Amino acid sequence: MIDALISGRLVKDPQPRIGQSGKPFTTALLRVATGDEEQTLVSVIAFQEQAEKLGRLKSGDSVSVAGSAKLTEWVKGGETKHGLSVTASAILSAYDVKKRRGSTDTTTAPPQRAANGDFDDRMEF
């Protein structure tokens, strides 16, 4: 396995799931810049506390993921595509920054979005 620290944007809302053992986990897909205009898709799976953190995010949110990674490959339309699959051991988003800097708010719920989907720019960090 490869130890990885990856930052990107969520392609779609994370998907909470239940495993065959009955334990919850969350999957997500990140779009990560790998060059000037190149991007790679990174699939993420998270368990326990990290699954809860990931599950609170939405499509388009920026997130950093640390964990064990493995290279993946698939064929789409006759073209071979490459990617990365990460089992998250830690997840950090902008929502966590406020909490880590001594906020008195004990919840980790994301801030409210404006009607156009943007975040409230008045949010203190």
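The values are calculated or read from the model by the stated rules, or taken from the named source; none is laboratory data. Quick caveat: nothing in here was measured; it's all calculated off a predicted structure. A quick note on method: Cβ atoms are made from the backbone with ideal geometry, for glycine too, and the neighbour counts reach across all protein chains shown. Note: accessible area is taken over every heavy atom of the protein model, side chains too, but ligands, DNA and RNA are not part of it. Shrake-Rupley method; radii C 1.70, N 1.55, O 1.52, S 1.80 Å.
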Please state the charge dipole magnitude for segment 1-95, taken about the Cα centre, from unit charges on C-beta atoms (+1 on K and R, -1 on D and E), reported in debye and rounded to the nearest 20.
380 debye
Order by accessible surface, 1.4 Å probe, largest leading, for residues F25, F47 comes to F47, F25
How much length, in nm to one decimal, is gained on full extension between A90 and S62, taken as 0.36 nm per residue of separation minus their Cα-Cα distance?
8.6 nm
Taking the Cα centre of segment 1-44 as origin, work out the dipole magnitude from +1 charges on Lys and Arg Cβ and -1 charges on Asp and Glu Cβ, in debye rounded to 20.
380 debye
Do any GluC sites (Glu not before Pro) in segment 12-56 lie in a loop, going by DSSP, with at most 15 other beta-carbon atoms within 10 Å of their beta carbon, and if so which?
E37, E38
With unit charges on the beta carbons (Lys and Arg positive, Asp and Glu negative) and the dipole taken about the Cα centre of segment 13-83, which residue among G55, V44, L71 sits farthest to the positive side?
G55
Send over the Kirkwood Rh of segment 29-78, from the inverse of the averaged 1/r over different Cα pairs, rounded to one decimal Å.
12.9 Å
Length gain on complete extension for the stretch D3 to W74, per 0.36 nm per residue less the alpha carbon to alpha carbon distance?
23.4 nm
